1. What is the magnitude of the charge dipole of the chain about its Cα centre, with +1 placed on the Cβ of each Lys and Arg, -1 on the Cβ of each Asp and Glu, and no other charges, expressed in debye to the nearest 20?
2. To the nearest 10 degrees, how steep is helix 233-242 against the longest Cα principal axis of the chain, on a 0 to 90 scale?
3. Sorted from fewest to most neighbouring beta carbons within 10 Å, what does the list Val186, Val166, Val113 look like?
4. Rounded to the nearest 20 Debye, what is the dipole magnitude of segment 87-177 about its Cα centre when Lys and Arg each give +1 and Asp and Glu each give -1 at the C-beta?
5. Stretch Glu273-Val102 to full length: gain in nm at 0.36 nm per residue minus the Cα-Cα span?
6. What does the charge count near Ala146 come to, summing +1 for each Lys or Arg and -1 for each Asp or Glu among other residues with Cβ under 15 Å from its Cβ?
7. Quickly estimate the mean residue ellipticity at 222 nm for the chain, helices only: each DSSP H run with n ≥ 4 gives -39500 (n - 2.57), and the total goes over all residues, rounded to 500.
8. Can you pull out the GluC sites (Glu not before Pro) in segment 174-245 whose DSSP state is coil and whose Cβ has at most 12 other Cβ atoms within 10 Å?
Amino acid sequence: MPTNKTIAVGRIDYANAWPLFHYADQETLSPYGVEIVSRKPAELNRALLNGELAMSAVSSFAYARHSEQYLLLPDLSVSTEGTVHSILLFLKKPLEQVRNGVIALTNTSATSVNLLKVLMSVYLEGNPSYVTMEPDLDTMLEQSDAALLIGDTAIQASWRDTGLQVIDLGEMWHRFTGFGMTYAVVAVRKEAAVLHHEAIAAVLQSMADSKSKSLGELEPLIEHACQTLGGTPAYWRQYFHTLQYDFGERRQQGLRLYFHYAYQLGLLEHEPELAFFE
């Protein structure tokens, strides 16, 4: 049913989330009063928390910190079962030195930053110091032994002939735990789920349809990626095939384990429950 109220919905402004939103467009959702807002993950995390957005794709860690305020949309995520290609640690020193050295962190996401901290502390038994910076590889490495980049910035940096060792955090997490990793989820504020239930349900259906259509025919996304970000069709075809967008029980188990380690390290104040919109 159409509504006159504006319901702001956040879209992650990275290629890895495109399949969830590519066909969930403004024209389709406008009759429900929905406005799509594209931003980087850290900005969406803040906007959902302060009520500027009714629902959004957000980093998994942002959901965990404030899970009592949110419901998750079912079977939607940005995940991998191993290599992710867009969450990368660039090292100018050997890993043995980096794990107790200085690491520059991107300021654009919480999930990846805390995944790195979990891996460094629990898996590698290291104790590095961290500095948070704008995501510029050369500047970051002027002040550190390694630098964490995510999203499109990480992808484009990986194409450069830097001579640096590059570690894929998705692959490292899978090697450590045997589970895949969920980097982003789609969350709705609980009060919005009640006040705008029909509109949120329409967004959920539209995103589910977009996911199915995008994964069934990747060529439009591949072409768009080449035009806007560069790279080759072969690279983007592999990239989108690597990513997973479901959020079934196995995916949820891996995310709960991530939350457990984050809680053990004091990165989270509690281990959140996964509560879903119906």
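Only the coordinates and a few stated rules stand behind these numbers; no lab work does. Keep in mind that what you see is a predicted model, and the values were worked out from it rather than measured. Counting neighbours? That spans all protein chains shown, and the Cβs are built from the backbone with ideal geometry, glycine included.
1. On the way: 20 positive and 32 negative charges, 68 e Å.
Using only the charged Cβ atoms, the result is roughly 320 debye.
2. Orientation of helix 233-242: about 80 degrees from the principal axis.
3. Exposure proxy ranking, most exposed first: Val166, Val113, Val186.
4. 260
5. 58.2 nm
6. Numbers: positive: Lys92, Lys93, Arg99, Lys117; negative: Glu96, Asp136, Asp138, Glu142, Asp145, Asp168.
Here the count lands on -2.
7. Details: 14 runs with 121 residues, N = 278.
Calculated mean residue ellipticity at 222 nm is -12000 deg cm²/dmol.
8. Of the GluC sites (Glu not before Pro), the ones in loops of segment 174-245 whose Cβ has at most 12 other Cβ atoms within 10 Å are Glu217.
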